[in-house]
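This report refers to the structure that appears directly beneath it.
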Amino acid sequence: MKILGIGSRIAHPEYGKGVVTNVSSKDYWVTFIENGLETIPLNDTFEVIEAAENEVDTISFYDVEQSLTRILKKWSDVTEVVPIADKWKGGKMIMEPGQSGVQGKEVPIDTFFNKIIMVRDRLRVMEQKVNASNLGDNEKVELQQYITRIYGSLTTFNVLFKSQTDYFVGEKSK
């Protein structure tokens, strides 16, 4: 069985004339003149009016989703879900002032952790914007070094992460 490409025109006994607008592994998506969009099995009975060849869209929805996810992570300030280490779940951070008569503060560790994640994600966006900017190479390198040092300053908070792949990484020793 030869698979029709996108743009092929067919005549279906039930739906009438239409054009193939998408092809999946099991179905044709056909826009029919009188019945709108319908999906029909690849092996359904219909007359081929005009076949378009080599126009089958071979990219899967998963591939599109993965590409879109990478693009959004790269170019937006959307915060990804990063799990906190189990030992910190439900915990709290207590800040006690060094002066007497001043009230301390308690913050749920999850709230603090989410703020750290937002800082990390915004640093990544800044890094990408620096790389994509029209700055000269020397200026880009200088700004990248500052960003790397900021990551290094944040390594203290790596203890909060569940996975080492989420850790902050500063300059590596040679």
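Scanning region 150-168 for residues that are modelled with pLDDT under 85 and in contact with a Phe, Trp or Tyr (Cβ under 7 Å, 6 or more places away or on another chain) yields Tyr167, Phe168. Against the numbered list (1) outside any loop (DSSP other than H, G, I, E, B); (2) farther than 14 Å from Val159 by Cβ; (3) at pLDDT 90 or above, Lys87 comes up short only at (2). Taken over region 80-119, the criterion of being within 27 Å of the chain's Cα centre (by Cα) and of a type in the set (Ser, Thr, Tyr) is satisfied by Thr111 alone.
So which of Ile71, Ile117 is modelled with pLDDT under 90 and open to solvent by 90 Å² or more (accessible area, probe 1.4 Å)? Let's see the steps before the verdict.
Details: Ile117 fails: open to solvent by 90 Å² or more (accessible area, probe 1.4 Å).
It is Ile71.
The values are calculated or read from the model by the stated rules, or taken from the named source; none is laboratory data. Fair warning: this is a prediction, and the values are worked out from it, not measured in the lab. Every residue, glycine among them, receives a Cβ derived from its backbone with ideal geometry; neighbour counts consider all protein chains shown. These area figures cover heavy atoms from the full protein model, side chains too; ligands, DNA and RNA do not enter into them. Shrake-Rupley method; radii C 1.70, N 1.55, O 1.52, S 1.80 Å.
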